[in-house]
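Quick notes on the structure that follows.
What follows is calculated from the coordinates using simple rules that are stated; it is not laboratory data. Please read these numbers as outputs of a predicted model, since none were measured by experiment. Using ideal geometry, Cβ is built from the backbone for each residue, glycine included, and neighbour counts are taken over all protein chains shown.
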Amino acid sequence: MLILASSSPRRAMLLRKGGYPFETVKVSVSEELPEGMRPETGVRELAVRKAQAGLTYWLAQGGDIQDVIMGADTMVVLDARILGKPETQAEAEEMLLSLSGRTHVVLTGVALISGSGRLVSDVVETVVRFHQLGVDDIKAYVASGEAMDKAGAYGIQGDAGKFVEYVEGSLTNVIGLPMEYLSECLRAWGIEQTEGVFIYHV
């Protein structure tokens with residue numbers, strides 16, 4: 001069985017659309033990282049922390065040691081600066097202004113772990129370029145509330161899709177899970193889709 005150690009509705013949505021039956025557990029881990037740690041290293045570390053915390057919780061609830069626990073973390077990175085979830089509307093506006101007319105990368109760390117001691121983790125990168133954004137468009141988007149719970153202050157699957165000039169790599173990676181990579185990885189763990197592969201459009 002696949003267990004998603006995340007409360008993200010977007011990750012759950014991607015797994016459902018991908019045809020994977022799964023259970024969800026909510027975990028809380030420290031997201032503090034050592035100063036100077038590279039984003040690629042940090043996002044993998046956070047995914048592993050979440051998977052390990054999910055495993056501990058799942059086994060304490062009587063889960064099978066053969067069940068596969070998945071943790072994931074997504075970072076938006078602009079010129080080595082990590083853009084996390086904005087805490088205020090002003091911070092969200094500043095983030096979007098910094099992304100305007102520029103190219104950034106979205107990194108998603110994925111970790112799979114089981115009670116038998118097996119652990120794999122990896123990082124998938126997608127390149128995203130934004131159109132030049134108008135201040136009024138930024139303010140209207142932030143005022144909608146959509147920006148406030150998302151790394152980089154935008155959700156490509158929502159109204160911010162119109163901000164995007166192009167995407168190089170996995171689109172679902174920007175949403176929260178690299179489904180192309182994940183389907184191959186889960187198959188190696190004996191977890192198959194119950195339905196056909198889907199193609200996500202924005």
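Counting other beta carbons within 10 Å of each Cβ, put 58, 189 in order, fewest first.
189, 58
Determine ³J(HN,Hα), in whole Hz, for all residues of region 160-176 in sequence, where each value follows from phi through the Karplus function 6.51 cos²θ - 1.76 cosθ + 1.60 and θ = phi - 60°; x replaces Gly and Pro.
Karplus values, whole Hz, x for Gly and Pro: 6, x, 6, 6, 8, 7, 7, 10, 10, x, 6, 5, 5, 4, 5, 6, x.
Tell me, in nm to one decimal, what length is gained between residue 165 and residue 23 on full extension, where the rule is 0.36 nm per residue of separation less the Cα-Cα distance?
Details: separation 142, 0.36 × 142 = 51.12 nm, distance 3.55 nm.
Going from the current span to full extension adds 47.6 nm.
Based on the Kirkwood radius over alpha-carbon pairs, what is the Stokes-Einstein translational diffusion coefficient of region 2-188 at 25 °C with 0.890 mPa s viscosity, in µm²/s?
145
Would you mind finding the longest exposed-site-free stretch of the chain, with exposed GluC sites (Glu not before Pro) meaning DSSP loop and at most 15 other Cβ atoms within 10 Å?
The answer is 88-191.
If neighbour count is taken as other Cβ atoms inside 10 Å, put 175, 138, 65 in order from fewest to most.
Going from least to most buried by this count: 65, 138, 175.
Show which lysines lie in cross-link reach of residue 50 when reach means a straight Cα distance below 17 angstrom and same-chain residues fewer than eight apart are skipped.
Of all the lysines, those that pass the test against residue 50 - Cα under 17 Å, at least 8 places apart if same chain - are 26.
Within region 1-96, list the trypsin sites (Lys or Arg not before Pro) lying in a DSSP loop whose Cβ has at most 14 other Cβ atoms in a 10 Å radius.
Hits after loop and neighbour filter: 26.
Report the full-extension gain for the segment residue 35 to residue 1: residue separation times 0.36 nm, less the Cα-Cα distance, to one decimal in nm.
8.6 nm is the gain from fully extending residue 35 to residue 1.
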